[in-house]
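The values are calculated or read from the model by the stated rules, or taken from the named source; none is laboratory data. Because the structure is predicted, anything quoted here is derived from the model rather than measured. Positions of Cβ are backbone-derived with ideal geometry, glycine not excepted, and every protein chain shown enters the neighbour counts. The area values use the complete protein model at the heavy-atom level, side chains included, leaving out ligands, DNA and RNA. Shrake-Rupley method; radii C 1.70, N 1.55, O 1.52, S 1.80 Å.
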Amino acid sequence: MKKIVFFLLSLTLWMAQSSFAQSNQAAAALANQSGCMACHKADGKLVGPGYQEVAEKYKDQPGALEMLMQKVKKGGAGTWGRIPMPAHPQLSDESLNILVTWVLKGAPAQ
Ligand code: HEC
């Protein structure tokens, strides 16, 4: 009996982990498709700030998700330097949500 419970528990954990990985991978693919990676890397500045730095800056800030979704949609400058980020009006709220949620996790590849 114990063995079965243990087996089911590991199976659940394994499934939870692999769907987690899938969603990070899907977000990373979306970031590639949307052109974000032309200016951003996970770690370190490119044209814009590295996503891990962004995650660090906003980690204790309530409302950061909504604020950053608007910023990516409308573009803007002044938070990280004088180079502006262009607007991305083509992105749906759902895509913006997936992208910024992933950025705020530090942009894990897996
Ligand atoms: C042409 C270059 C460029 C592209 C493409 C780009 N960014 Fe940016 N991004 C920047 C720059 C530059 C900044 C810094 C803006 C500032 O200092 O306020 C920035 C800032 C950010 C920030 C932090 C904003 C803040 O106020 O702290 C996030 C989050 C972000 N980008 C996400 C994205 C996402 C998601 C995409 C793809 C949809 C994307 N970026 C595409 C250049 C770019």
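Given the residues Pro49, Pro108, Pro89, which is the only one that is touching a residue at least 12 places away in the same chain (Cβ under 8 Å), part of a loop (DSSP other than H, G, I, E, B), within 12 Å of the ligand (Cβ to nearest atom) and open to solvent by less than 70 Å² (accessible area, probe 1.4 Å)? Only one candidate passes the filter, namely Pro49. Residue check: is Gln25 polar (S, T, N, Q), open to solvent by 40 Å² or more (accessible area, probe 1.4 Å), in contact (Cβ under 8 Å) with a residue 24 or more places away in the chain and away from the ligand (no atom under 12 Å from the Cβ)? It is true that Gln25 is polar (S, T, N, Q), open to solvent by 40 Å² or more (accessible area, probe 1.4 Å), in contact (Cβ under 8 Å) with a residue 24 or more places away in the chain and away from the ligand (no atom under 12 Å from the Cβ). I'd like to know if region 92-109 contains one or more residues that are of a type in the set (Gly, Ala, Ser), within 14 Å of the chain's Cα centre (by Cα) and at pLDDT below 95. Looking for residues that are of a type in the set (Gly, Ala, Ser), within 14 Å of the chain's Cα centre (by Cα) and at pLDDT below 95, one finds at least one in region 92-109, hence yes. Which residues, taken from region 63-77, are at positive phi, assigned to a loop (DSSP other than H, G, I, E, B) and within 9 Å of the ligand (Cβ to nearest atom)? Listed by number, the list holds a single entry, Gly75. A count restricted to region 4-53 and to residues that are at pLDDT 95 or above and of a type in the set (Val, Ile, Thr) stands at 1.
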